[in-house]
1. Mind counting the residues in the range 53-73 that are surrounded by 17 or more Cβ atoms within 10 Å (Cβ to Cβ), assigned to a loop (DSSP other than H, G, I, E, B) and near the ligand (Cβ under 8 Å from one of its atoms)?
2. Give the residue that is nearest to Leu86 (Cα to Cα), with candidates limited to residues of the range 99-134 that are more than 13 Å from the ligand (Cβ to nearest atom) and in a helix (DSSP H, G or I).
3. Do we have Leu76 as in a loop (DSSP other than H, G, I, E, B) and touching a Phe, Trp or Tyr at 6+ places or on another chain (Cβ under 6 Å) here?
4. Does Gly71 satisfy the condition of being closer than 29 Å to Gln178 by Cβ and either charged (D, E, K, R) or touching a Lys or Arg at 6+ places or on another chain (Cβ under 8 Å) (or both)?
5. In the range 135-181, which residues are under 18 Å from Gly83 (Cα atoms) and open to solvent by 80 Å² or more (accessible area, probe 1.4 Å)?
6. What's the number of the only condition in (1) over 18 Å from Ser175 (Cβ atoms); (2) out of contact with any Leu (no Cβ under 7 Å at 6 or more places or on another chain) that Ile87 fails to meet?
7. Can you go through Ala31, Ala79, Ala113 and tell me which one is of a type in the set (Gly, Ala, Ser) and surrounded by fewer than 11 Cβ atoms within 10 Å (Cβ to Cβ)?
Amino acid sequence: PKKRLDHTPRLRALPHHHKFKTNRAPHPQKAPNVTFIINLFLLLYNKHEKKGLKQMKRVITYGTFDLLHYGHINLLKRAKALGDYLIVVVSSDEFNWNEKQKKCYFTYEQRKALVEAVRYVDLVIPETSWEQKRTDVHEYHVDTFVMGDDWKGKFDFLKEEGVEVVYLPRTPEISTTQIKNDLNKK
Ligand code: C2G
């Protein structure tokens, strides 16, 4: 009978002394200890992560931020530069009226949305009392408290809470009041 042409390559029995050149499995004793390398990587990675978290400095600042302007932005930019995470506590409409006799042009929700849109800002929460600073700094694990220097000395009591207190120079010639006055003159 005609020999069937079989194209399946035959695996010829190799002489037992033949050395596999390519896909020889690494010998367990000689292979670099993969487990060791993985553990080493995880150790270094976690160390780096922990270091990152440990140094994660959190900054907080308070304000009305009505008619958001470049003076506010300068303050927020410098506040963020003092750490890694910036919390901005925006005064509620009630707090502004009752405590600061300020009638805002924008509502709290509008002012909150504007401040949240600023690249330096990580979180916006409401300011409803003067006293909340003392608890906020613990609740949000704050390292540094920042205000413009029109408030210089007013919040030094926060040092007793273990918080660094920083007053930054105000940006000259601009304020919400100034904007309103200038617009009224037009
Ligand atoms: N700011 C500034 N330069 C300006 C205007 C304002 O640096 N030209 C700063 C202020 O010093 C403050 C922040 O921007 O740190 C917000 O300013 P306001 O909205 O006027 O806040 P304020 O009415 O001072 O409320 O509990 C603290 C109060 O909520 C602060």
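1. Number satisfying all stated conditions: 3.
2. Glu116
3. It is false that Leu76 is in a loop (DSSP other than H, G, I, E, B) and touching a Phe, Trp or Tyr at 6+ places or on another chain (Cβ under 6 Å).
4. In short, yes.
5. Within the range 135-181, His138, Glu139, His141, Lys159, Glu164 qualify.
6. The number of the failed condition is (2).
7. Working: Ala79 fails: surrounded by fewer than 11 Cβ atoms within 10 Å (Cβ to Cβ); Ala113 fails: surrounded by fewer than 11 Cβ atoms within 10 Å (Cβ to Cβ).
When all the criteria are applied, what remains is Ala31.
The values are calculated or read from the model by the stated rules, or taken from the named source; none is laboratory data. Just so it is clear, the model here is predicted, and its values are computed rather than measured. Using ideal geometry, Cβ is built from the backbone for each residue, glycine included, and neighbour counts are taken over all protein chains shown. Just so you know, the surface numbers come from the protein's heavy atoms only, side chains and all, with ligands and any DNA or RNA stripped out. Shrake-Rupley method; radii C 1.70, N 1.55, O 1.52, S 1.80 Å.
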